[in-house]
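Chemist: One structure follows; several queries about it will come next.
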Amino acid sequence: MDMRASSTGTKKRIAAFSMTPLFPDFAMGGGQVQLKKVALHLGELGHQLTIFSTRREGSLAPFKWHENVEIQPVLRFKQPYPEPYFTPIYHIANAMRAVGDAIASADIHYSHDGGLIFPYVYRDKPTVMSLRSIIYPETMQSAFLFQGDEWILPSEHTRASYEAVVSQFAPAVRGRMRAIHNGFDWDIFRYTPPTNIFSVLPAEIADHPIMLFPHRPDENKGVYEVIQVVERLARRLGWHDLRVLIPRWLDADSDPLLRGYYDRLQRTINEAGLRDLFIFHNWISEALIAEYYSLGDVTMCIGNCVETFGNTPFESLGCGTLPIVARVAAYRDLLPDEHIDRVDYGDIEGATALAHAILSERRRTSPATLRYLESEFSLEKMVAQFAEVILSAEKRPPITHRMPKLGSATLYRLAPWCYVSRKRGIFHDFRSSYVRDDELLRLANDHPAGFPAKALEAARLRAWLDDGYIVPIVSD
C-alpha cells in the first residue's frame, strides 16, 4: 500500500508543541527521539510541521530536521526540567501567544508530551495530544484539563491509569484514548562493534565486563539499587573487574541541584568502596548510542520510576545486551516473560543473581527476541499509526465535566498502577512500596470486575481510596 497516496490526502499544516528543548542532532530523552521520528515521517509525506519548543543554550536559532519540518526554539519556559512553569508570567503569556498564533494558521495541532495546559489556546483546531509521562505536574494537568480530540498514550498501563482517574470527571475521554507503543529503527539499534564510542569512553574498559546505567539523573531510575547490586557482585561473587558506566547529564556542572545529586552519588559509591568500579562520562549522542549499548554486558533498569514505556530495555535488547527491569508500571507487561528478565522492585538479591548469571554466561539477546522486537515494535508501525491519528483528527464537541457520585452501589477495583506480587504483597507504583492486606487481596482476586462498597466498612474503603490502592468504577 502506498502510504503517501492512501492516508495523507491533502497536505496538512501542523503546529506542534514541545515543552522539552529540541536540538538539530541531539535528544534529551526518548520522548524527543520519538517526536523526531514522527515529525520526519510526516515531513516525508509532504506535510508542513512547525514545532515550537523551549529554548536553551545550543538551541537558540530556528533549524530544520527536514525541508518540511522546522523547529522554532522560542519558548521561555524554565530550564532545566522539571517545573517549566516556574518562569516569569510574561514568558508564559508570550509562549501562549506564539503557539496560539501558529495553531490559528495551521490545520491541526499536535502537542507532544503535554505541557500546554491551557485548552483555549487550541480549542478551535483539531488537536492531538500525546502524553509520555504520568509523574510530572504539567503533564498530569494536561490530562485533567484535556479538551483535545485524540489522545495518544505509549502503553496500556498508562492508558488504563489515566482513564481510571480522568474519566471519572470526563467520561468522553475514553473514546478519545489510544495506546501506540514506541517503535524503533532496528537497523540502528542492532549490535554495532564499538569503535567510535572510545572517543567518549576510555578504551581500557573494553577489557572489563561492563554494566550500563544509561539513565537521566533521577534517583528513582534506580542508581542506588544498582550500587547495592554491584557491591554484592564485587564482594560476594568476585566481580572486582566490573565497570559500571553512568552518563552525566547536560547541566551536571552548571546546575546546583545536579551537582548535589552527583556529589551525593559519588560519596555513596566511595563509602561502599566501589570508586574504581564506577565510571562517569559525558552524555552519549544518538550517533554513538548503538555502540554504547553494544559495548555493555548487562543493562540495569531496576528503579521505581513510573515509566510510561521506557525505551532503554528495548534499545539495549536490540543491540544484544540483556536488560534487567523491575516490575514497575509499563515494565511489567510490555514484553512477554520469555523476552526479558524481571525482578520485583527492591529485590536486590534477585537482581544480583540475574546479573551474575548474565555476566557469567555471557548471554546476549536471542534471535527469537530480536524477531519479536522487529515484528511488534517497529518504527514503521509506530510512525504510521501516529500519522493516521494526527492526519485524520477532526474537531469534536467539547468535553464536558461532571463530579462523580460515589455511593453504596459504586463498584471498586484494584488500581491499574498496583499489582500483586506473589512474595511481597501489593505493589503500588506511585508509592514505590508493598503492602500486605489480606482483605484487599481477597477482594481483588474474588472480584476482578469490581467489588461493591458495601463489601467492607466505610473507613477501610476510604483509606484504600485515599491511598490509591483502589479506584471507583464510574459509569458514563
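The values are calculated or read from the model by the stated rules, or taken from the named source; none is laboratory data. Note that the coordinates shown come from a computational prediction; the quantities given were computed from them, not determined experimentally. Cβ coordinates were reconstructed from backbone atoms using ideal geometry, including for glycine residues, and neighbour counts include every protein chain displayed. Accessible surface areas use protein heavy atoms only, side chains included; no ligands, DNA or RNA. Shrake-Rupley method; radii C 1.70, N 1.55, O 1.52, S 1.80 Å.
Chemist: Within straight cross-link reach of Lys395, meaning Cα distance under 16 Å, which aspartates and glutamates are found once same-chain residues fewer than 8 apart are removed?
Modeler: Asp107, Asp124, Asp149, Glu150
Chemist: Sort out for me the Cα centre separation of the stretch 171-197 from the stretch 105-132, rounded to whole Å.
Modeler: Spelled out, the Cα-based centre of one part sits 22 Å from the other.
Chemist: If amide H atoms are built 1.01 Å from N in the plane of the peptide, which residues on other chains or at least 5 residues away come under 5 Å of the amide H of Ser155?
Modeler: Ile180
Chemist: Rg and Dmax in Å for the stretch 55-122, alpha carbons only: what are they?
Modeler: 12.6, 34
Chemist: Tell me the Kirkwood hydrodynamic radius of the stretch 155-206 in angstroms, computed as one over the mean inverse distance between distinct C-alpha pairs.
Modeler: The answer is 15.0 Å.
Chemist: Same structure again: Name the residues whose placed amide hydrogens come within less than 5 Å of the amide hydrogen of Leu411, ignoring near sequence neighbours (fewer than 5 apart) on the same chain.
Modeler: Long-range HN contacts for Leu411: Ile473.
Chemist: Further, regarding this structure: Over all directions, the average projected area of the alpha-carbon convex hull for the stretch 129-260 comes to how many nm²?
Modeler: 12.3 nm²
Chemist: On the Cα set of the stretch 393-476, report Rg and Dmax in Å, please.
Modeler: Cα radius of gyration and Dmax of the stretch 393-476 are 15.1, 49 Å respectively.
Chemist: Here is a further query. Percent of Cα-Cα pairs per 10 Å bin, from 0 to the last occupied bin, for the stretch 357-404, please list those.
Modeler: 18, 22, 21, 19, 13, 8
Chemist: Same structure, new question: To the nearest 10 Å², what's Thr195's accessible area with a 1.4 Å probe?
Modeler: Approximately 80 Å² for this residue.
Chemist: Okay, next question. With every protein chain in place, what's the accessible area of Leu145 (1.4 Å probe, Å², nearest 10)?
Modeler: For Leu145, solvent-accessible area is about 80 Å².
Chemist: From Cα pairs below 8 angstrom and at least 6 apart in sequence, can you work out the relative contact order of the chain, rounded to a whole percent?
Modeler: It comes to 15 percent, rounded to a whole number.
Chemist: Which net charge results for the neighbourhood of Pro472, defined as the other residues with beta-carbon distances under 11 angstrom from its beta-carbon, given Lys and Arg at +1 and Asp and Glu at -1?
Modeler: Result for the local shell: +2.
Chemist: In nanometres, what is the gap between the two model label sites at Glu374 and Leu60, each 7 Å from Cα along Cα-to-Cβ?
Modeler: It works out to 4.6 nm between the two label points.
Chemist: Then there is this: Once the other residues with Cβ under 12 Å from the Cβ of Ala357 are scored (Lys, Arg +1; Asp, Glu -1), what is the net sum?
Modeler: Net charge around Ala357: -1.
Chemist: Could you list the square roots of 5 times each eigenvalue of the Cα gyration tensor of the stretch 282-365, that is, the equivalent ellipsoid semi-axes, sorted largest first and rounded to whole Å?
Modeler: 19, 16, 12
Chemist: Which lysines have a Cα less than 25 Å from the Cα of Lys405, not counting those fewer than 8 places away in the same chain?
Modeler: Cross-link targets: Lys454.
Chemist: Which value in Å does the Kirkwood hydrodynamic radius of the stretch 386-428 take, with 1/r averaged over all unlike C-alpha pairs and then inverted?
Modeler: For the stretch 386-428, inverting the mean 1/r across all distinct Cα pairs yields 15.4 Å.
Chemist: So which lysines pass the test for Lys78, namely a Cα distance under 29 Å, with those fewer than 8 places away in the same chain ruled out?
Modeler: Once the sequence-local lysines are set aside, what remains near Lys78 is Lys36, Lys37, Lys64, Lys125, Lys221.
Chemist: Per Stokes-Einstein, at 37 °C and 0.692 mPa s, what whole-number D in µm² s⁻¹ belongs to the stretch 247-321, with the Kirkwood radius over Cα pairs as the hydrodynamic radius?
Modeler: Diffusion coefficient, whole number: 229 µm²/s.
Chemist: Bin width 10 Å, alpha-carbon pairs only: give the P(r) of the stretch 73-169 as whole percents, running from 0 to the bin holding the largest distance.
Modeler: Binned Cα distances yield the sequence 15, 48, 31, 6.
Chemist: For the stretch 262-328 and the stretch 368-408, what is the separation of their Cα centres, given in Å?
Modeler: The two parts, judged by their Cα centres, are 29 Å apart.
Chemist: With N residues in the stretch 362-439, what two-decimal value do you get for its Cα radius of gyration over 2.2 N^0.38 Å?
Modeler: Dividing the Cα radius of gyration by 2.2 N^0.38 Å gives 1.86.
Chemist: To check my understanding: the extent here is largest minus smallest coordinate of the Cα atoms along each principal axis. What are those three numbers for the stretch 186-311, in Å, largest first?
Modeler: Ordered largest first, the stretch 186-311 gives principal extents of 40, 35, 28 Å.
Chemist: Would you calculate the separation in nanometres between label points at Arg216 and Arg402, each defined as 7 Å from the Cα along the Cα-to-beta-carbon direction?
Modeler: 3.8 nm
Chemist: I would also like to ask the following. Would you mind getting the accessible area per residue of the chain, heavy atoms of the protein chains only, 1.4 Å probe, in Å²?
Modeler: Per-residue value: 43 Å².
Chemist: Continuing with the same structure: Share of the chain's accessible area from carbon and sulfur, percent, 1.4 Å?
Modeler: 51 percent
Chemist: Another one. Restricted to Cα positions, what overall size does the stretch 9-73 have along the principal axes? Three whole-Å values, descending.
Modeler: Principal-axis extents of the Cα atoms in the stretch 9-73, largest first: 38, 22, 17 Å.
Chemist: Based on a Kirkwood Rh over C-alpha pairs, give the Stokes-Einstein translational diffusion coefficient of the stretch 1-148 at 4 °C and viscosity 1.567 mPa s in µm²/s.
Modeler: So the translational diffusion coefficient is about 84 µm²/s.
Chemist: In Å and whole numbers, how far do the C-alpha atoms of the chain stretch along each principal axis, longest first?
Modeler: Dimensions of the chain along the principal axes of its Cα atoms: 64, 62, 50 Å.
Chemist: How large is the accessible surface of Leu414 in square angstrom, using a 1.4 angstrom probe and rounding to the nearest 10?
Modeler: Solvent-accessible area, nearest 10 Å²: 40 Å².
Chemist: Moving on. What are the semi-axes of the equivalent ellipsoid of the stretch 132-188, taken as the square roots of 5 times the eigenvalues of the Cα gyration tensor, listed largest first and rounded to whole Å?
Modeler: Each semi-axis is √(5λ); the values are 23, 13, 10 Å.
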